[in-house]
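Report on the following structure.
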Amino acid sequence: MQKHKILIVSGEPSGDVFAGGLISSLKKIEKIKNLDDNGVTTDIYAMGGKNSADAGAELIADIKELSVMGFTEVILKLKTIKKVLKNISLWIESNKPDAVILVDFPSFNFKIAKFAAKLKIPVVYFIPPKIWASRYGRIKFIKKYIKFVITIFPFEQDIYKKEGVESYYFGNPLYILNKKDILSADLSEDVETQKLLNGKYPIISFLPGSRKTELKYHSQRIIDSALKIKSAYKDAFFIFPFRKEIDFSYFKDAVENNPGFKKNMYLFADSISFALSSSDLIITASGTASLEACFYGKPVIIFYYLNYLTYIIAKILVRIKYAGLINILAGEEVAPELIESKFNPENLFTEADKFLKDEEYRKNALKKISAVVSTLEDAGVDPFDAAAGIIYDKIIATIQ
């Protein structure tokens, strides 16, 4: 029996979601390509989280301690990051996987790529760095150490092809994941929850972020903004959805310990689909969640607050005008952005009030968001299955 090994490396919750989808498809691929009939089996290992483990990978490192954002936050975690990097490198050297697949998380994953490539292990980048947003010079590294990239936006493939990098695009996996979530979710929730929502307007979902540093910087601003909205809209109700694998205890404690929040005016939910489908307005941290929020046909406001030093460095490095992915794709601000000092209760209330009171303003924004989302619709294939297929065709099938 021919046994192969694949290592998948993600570094934060959003990357782990994508890694989980790819792992599931890699597990299926043996049956799809009849490889198991020829005695070919593949073991998948991962640096990841709950999604990677649930999909069938054996975790060799957990991402919980690595989920940081920004330059200064990385410095504070440097000792932990170095330890994990060393452990992953030792594992690669001892086990010699047939392929290493990287998922986003470039600062860490570039070191893994260089180490694996020196051992002549092919490296694939699934969700490669956003070189179009910042640090375009990374293209030189990718050319040298990465066998091929699988992008999640159509324009990214064009950029990589122009630079001579082998690249593939099979549709946006986040769009497909959300489509599946919406179709499979029980949007009715329980009777008590429905009673809680009945007659409330507006229902607003806040997506505060998934990293500990994000929750630290965002919590009080979200609480103050929600109370500002509540002062003008007496029946306002707030939903705070978090995926089950996210530790949101810091945010939960901040809400529950605030005297302005009564038990009947908010809900913590672990179903993103239920929360966003039930909302009149979605207010979200910039990042993957801000694009996900746009799939539900609701108006969206995007916010983000960084450590000040991180913000200054980012302003120097970032080449694009917008923070939210939906606005980057649109080339204009179709979802209002409140970044750094602009993210305060007064500004957020002003933007929310326009969506809740001005029907024409709301319709125009939704029309523009819908036009962008339509460009991400699948091309008749499951992007995870297609990505798994190309990995096997280009790497596993070539092993003698």
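The values are calculated or read from the model by the stated rules, or taken from the named source; none is laboratory data. This is a predicted model, so every value here is computed, not measured. Neighbour counts run over all protein chains shown; Cβ positions are idealised from the backbone, glycine included.
Structure above, values below:
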| item | result |
| --- | --- |
| Every residue from the range 369-389 that is in a helix (DSSP H, G or I) and surrounded by 17 or more Cβ atoms within 10 Å (Cβ to Cβ) | Ile369, Val372, Val373, Leu376, Pro383, Phe384, Asp385, Ala386, Ala387, Ala388, Gly389 |
| Test set (1) exposed (fewer than 14 other Cβ atoms within 10 Å of the Cβ); (2) modelled with pLDDT of 95 or more; (3) under 21 Å from Ala387 (Cβ atoms) - Ala113 fails condition number | (1) |
| Test result for Ile23, of a type in the set (Val, Ile, Thr), at pLDDT 95 or above and either more than 24 Å from the chain's Cα centre (by Cα) or on the phi > 0 side of the Ramachandran plot (or both) | no |
| Index of the failed condition, Pro173 passing every other in (1) modelled with pLDDT of 90 or more; (2) at positive phi | (2) |
| Options Leu227, Leu196; residue that is in a helix (DSSP H, G or I) and either assigned by TED's automatic domain parsing to the domain that holds Asp62 or at pLDDT below 95 (or both) | Leu196 |
| Any hit, the range 97-107, residues being over 20 Å from Thr80 (Cβ atoms) and more than 25 Å from the chain's Cα centre (by Cα) | yes |
